[in-house]
């Protein structure tokens, strides 16, 4: 029979894996990369490249999505992170009797165990997951409550034993909340699957290779129902495609009947050790920089206070956003701030130094058009460049005081040795070992030109722009009044008079 026979649970075992991740400090918003990845556990095992049920890779996903939509690559990565021994220990503690962390099991099972490669009894899986329904308290399954003889005499009656706490109420709540979240499962199952009862009922499906075993197990605070579809001889089922088409219809009918019989499904109560916080919509770190955010339940203290290493603003070069601005350029404001997403993972199972997890991520990024994934590479200019800016006095400005404030900001990756302040071409003051400073100079009344020159410890120099100022006078020479231009007087030209001819008077 299915309840006590050994069966591979398929993906229905994944809640154990993500529970172990929660215990390790991860939370539902933690980022996992769902990209094609090859796992090489040791030199005795063949390279392992799992696929998702839908044949797709979804890129950056949250732990919530990974569990809710039953994604395979993040699940295998999660088992690699927590370790097989820790995973077996947790599963065994919760009631999966076949998953004791013995030497045999440690040698037999690998990372595929999180996809259902390790056999379990159905009754054990029900017992283990009832721990979630009971808020972290383990209850031994009981099939016989009372035995009476023909006269009504009680021959046996079950006496409840004290429940054993095996996981915290917060850990149980997180798993319950994820598995009853219809949005979390939409990547794989869509919005209107048989798993969506409209009630806060946690549910997980599972399907093994070649369709030999097909599972659905779901629970509320008052009832837990598991269904299995398969052949007793372990042969393949040609007519079942997945847990959603095989075991789920049966599970849905039974859970609906349970609800109709009064087994209510109230909302999961948020325990004191859980808080709801605003988290970055991409990285899962605390919300910051006005980036899009969302609400998420986390175990108190599990969300790091450290700066977000994934989703961040970066200083890039003006005119070349594919390069980082050096500290020297940043120091003087010669940069542009841009948003990027840094996707990086370590490979904890690599035995040869290769980071195959990052190789998979890099290959995925290469095919993306979103510029945020294509992070800057290298620096523009030389990392030893020196920069300097004259912030005050302002250029082309009049100051009605002889005391002039000179404000300077310099930067260099090599460090600043000194900065010289020039007034009218001569060094007026030298300031050593300072990146930013303000000095007051007493200048004579009149017009002056001021600039600064910075020297790095590496021997490089940079000169600022020049500020033209006026001290108690205008900063520029007044335009001279032009001399009057003489007006040419044109004298009239005499009209020539014809010579008189003598007149003869008769």
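The values are calculated or read from the model by the stated rules, or taken from the named source; none is laboratory data. Since the model is a prediction, treat every value here as computed from it, not as a measurement. Positions of Cβ are generated from backbone atoms using ideal geometry, with glycine treated the same way; all protein chains shown enter the neighbour counts.
Results, tabulated for the structure shown:
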| quantity | calculated |
| --- | --- |
| Extreme residue, surrounded by the fewest Cβ atoms within 10 Å (Cβ to Cβ), among residues of the range 53-75 that are in contact with a strand residue (DSSP E or B) (Cβ under 8 Å, 6 or more places away or on another chain) and closer than 18 Å to residue 356 by Cα | 59 |
| Residue list for the range 115-133, restricted to those being crowded, with 18+ Cβ neighbours inside 10 Å and assigned to a loop (DSSP other than H, G, I, E, B) | 116, 118 |
| Check on residue 99, free of Cβ contacts under 8 Å to residues at least 40 places away in the same chain and within 35 Å of the chain's Cα centre (by Cα) | yes |
| Complete set of residues in the range 253-303 that are in a strand (DSSP E or B), surrounded by fewer than 12 Cβ atoms within 10 Å (Cβ to Cβ) and over 15 Å from the mean Cα position of the chain (by Cα) | 276 |
| Hey, residue 10 touching a residue at least 12 places away in the same chain (Cβ under 8 Å) and surrounded by 24 or more Cβ atoms within 10 Å (Cβ to Cβ) or not | yes |
| Per-region count, the range 17-37, residues touching a strand residue (DSSP E or B) at 6+ places or on another chain (Cβ under 7 Å) and more than 18 Å from residue 304 (Cβ to Cβ) | 3 |
| Residue tally, condition surrounded by 20 or more Cβ atoms within 10 Å (Cβ to Cβ) and in contact with a helix residue (DSSP H, G or I) (Cβ under 9 Å, 6 or more places away or on another chain), over the range 194-212 | 10 |
| Failed item, numbered, when residue 391 is tested on (1) in a strand (DSSP E or B); (2) surrounded by fewer than 13 Cβ atoms within 10 Å (Cβ to Cβ) | (2) |
| Filter result for residue 383 (farther than 24 Å from residue 313 by Cα, modelled with pLDDT under 95 and not in a strand (DSSP E or B)) | no |
| When residues of the range 324-357 are limited to those that are within 20 Å of residue 42 (Cβ to Cβ) and crowded, with 18+ Cβ neighbours inside 10 Å, the one nearest to the chain's Cα centre (by Cα) | 345 |
| Of all residues making up the range 408-435, the number that are surrounded by fewer than 15 Cβ atoms within 10 Å (Cβ to Cβ) and in a strand (DSSP E or B) | 5 |
| Qualifying residue in the range 363-370 (condition: in contact (Cβ under 8 Å) with a residue 24 or more places away in the chain, surrounded by 15 or more Cβ atoms within 10 Å (Cβ to Cβ) and in a loop (DSSP other than H, G, I, E, B)) | no |
| Residue check, residue 281 over 22 Å from residue 9 (Cα atoms) and touching a strand residue (DSSP E or B) at 6+ places or on another chain (Cβ under 6 Å) | yes |
| Residue count for the range 136-171, restricted to those that are touching a residue at least 24 places away in the same chain (Cβ under 8 Å) and part of a strand (DSSP E or B) | 4 |
| Residue list for the range 149-193, restricted to those being on the phi > 0 side of the Ramachandran plot and surrounded by 10 or more Cβ atoms within 10 Å (Cβ to Cβ) | 190 |
| Where residue 133 falls short, out of the listed (1) under 23 Å from residue 195 (Cα atoms); (2) free of Cβ contacts under 8 Å to residues at least 24 places away in the same chain | (2) |
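For (1) under 29 Å from residue 163 (Cα atoms); (2) in contact (Cβ under 8 Å) with a residue 24 or more places away in the chain, each residue gets a yes or a no:
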{"residue": "42", "(1), (2)": "no, yes"}
{"residue": "47", "(1), (2)": "no, no"}
{"residue": "50", "(1), (2)": "no, yes"}
{"residue": "61", "(1), (2)": "no, yes"}
{"residue": "91", "(1), (2)": "yes, yes"}
{"residue": "105", "(1), (2)": "yes, no"}
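Yes or no, residue by residue, for (1) within 28 Å of residue 4 (Cα to Cα); (2) at pLDDT 95 or above; (3) not in a strand (DSSP E or B):
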site: 184; (1), (2), (3): no, yes, yes
site: 187; (1), (2), (3): no, no, yes
site: 198; (1), (2), (3): no, no, yes
site: 204; (1), (2), (3): yes, yes, no
site: 210; (1), (2), (3): yes, no, yes
site: 214; (1), (2), (3): yes, no, no
site: 229; (1), (2), (3): yes, no, no
